[in-house]
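Q: Would you mind keeping the following structure in view while I ask a few things?
The values are calculated or read from the model by the stated rules, or taken from the named source; none is laboratory data. This is a predicted model, so every value here is computed, not measured. Don't worry about glycine lacking a Cβ; one is built from the backbone with ideal geometry, like all the others, and counts go over all protein chains shown. Surface areas here come from the heavy atoms of the whole protein model, side chains and all, with no ligands, DNA or RNA. Shrake-Rupley method; radii C 1.70, N 1.55, O 1.52, S 1.80 Å.
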Amino acid sequence: IQADPFQPRRSFPRGELLGLAASIGRVGLIEPLVVEENAGPGKKYIVVAGERRHRAFLLGRSLWPDNLHFREVRCLVYPPLPAGVRAAFQLEENLRRADLDPYEVAAGLYRARQALKRPAWEDVLVLLGISPGKGVMKWLR
């Protein structure tokens, strides 16, 4: 699997990739990569959507080679796409990504806590890989 050199996202901060890799290591890759077959020589597939997930997967595989979540990466495979379709797909994927607002985070954490039979908040946060900083604890009050 190769990166698309025309991917609109250019910034992949290592700290963010480490956080995503740790998440993949804990629960696996939740959303598969979207790749297209490449007719060119030497490359079999090109990432259409999920470049951050792909990079985090590779980073996790190098850091934790014995973790089963890094053995294989799930992909949706498309035939070669017209350049315009690929560009629109990639831009849509990147533009529609938005952080959750504090209420959405708190509601999600509350549901996770209920599903986990109500352990302490700190246990829920550790299990989900979330730092129990002041902001997070404020959402939970």
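Q: If GLU31 satisfies every condition in (1) outside any helix (DSSP H, G or I); (2) more than 13 Å from the chain's Cα centre (by Cα) but one, which is the exception?
A: Single failed check for GLU31: (2).
Q: Taking segment 111-132 only, how many residues are under 22 Å from the mean Cα position of the chain (by Cα) and of a type outside the set (Lys, Arg)?
A: Summing the residues that are under 22 Å from the mean Cα position of the chain (by Cα) and of a type outside the set (Lys, Arg) in segment 111-132 gives 10.
Q: Here's a follow-up. Would you point out which residue out of ILE1, ILE24 is out of contact with any Ser or Thr (no Cβ under 9 Å at 6 or more places or on another chain) and open to solvent by less than 40 Å² (accessible area, probe 1.4 Å)?
A: ILE24 is the lone residue from the list that is out of contact with any Ser or Thr (no Cβ under 9 Å at 6 or more places or on another chain) and open to solvent by less than 40 Å² (accessible area, probe 1.4 Å).
Q: Answer with yes or no whether ARG53 is touching a helix residue (DSSP H, G or I) at 6+ places or on another chain (Cβ under 9 Å), modelled with pLDDT of 85 or more, open to solvent by 80 Å² or more (accessible area, probe 1.4 Å) and not polar (S, T, N, Q). First the steps, then the outcome.
A: On the way: touching a helix residue (DSSP H, G or I) at 6+ places or on another chain (Cβ under 9 Å): yes; modelled with pLDDT of 85 or more: yes; open to solvent by 80 Å² or more (accessible area, probe 1.4 Å): no; not polar (S, T, N, Q): yes.
It is false that ARG53 is touching a helix residue (DSSP H, G or I) at 6+ places or on another chain (Cβ under 9 Å), modelled with pLDDT of 85 or more, open to solvent by 80 Å² or more (accessible area, probe 1.4 Å) and not polar (S, T, N, Q).
Q: Scan segment 58-81 for residues that are in contact with a helix residue (DSSP H, G or I) (Cβ under 6 Å, 6 or more places away or on another chain) and either closer than 19 Å to ASN38 by Cβ or open to solvent by 80 Å² or more (accessible area, probe 1.4 Å) (or both) and jot them down.
A: Step one: filter segment 58-81 for residues in contact with a helix residue (DSSP H, G or I) (Cβ under 6 Å, 6 or more places away or on another chain), giving 59-61, 64, 67, 69-70, 73.
Within segment 58-81, ARG61, TRP64, VAL73 qualify.
Q: Hey, another quick one. Mind telling me which of the residues LEU100, LEU33, LEU76, LEU91 ends up being at pLDDT below 90 and over 27 Å from VAL126 (Cβ atoms)? Give the steps one after another, and end with the answer.
A: Details: LEU100 fails: over 27 Å from VAL126 (Cβ atoms); LEU33 fails: at pLDDT below 90; LEU76 fails: at pLDDT below 90.
Result of the check over LEU100, LEU33, LEU76, LEU91: LEU91.
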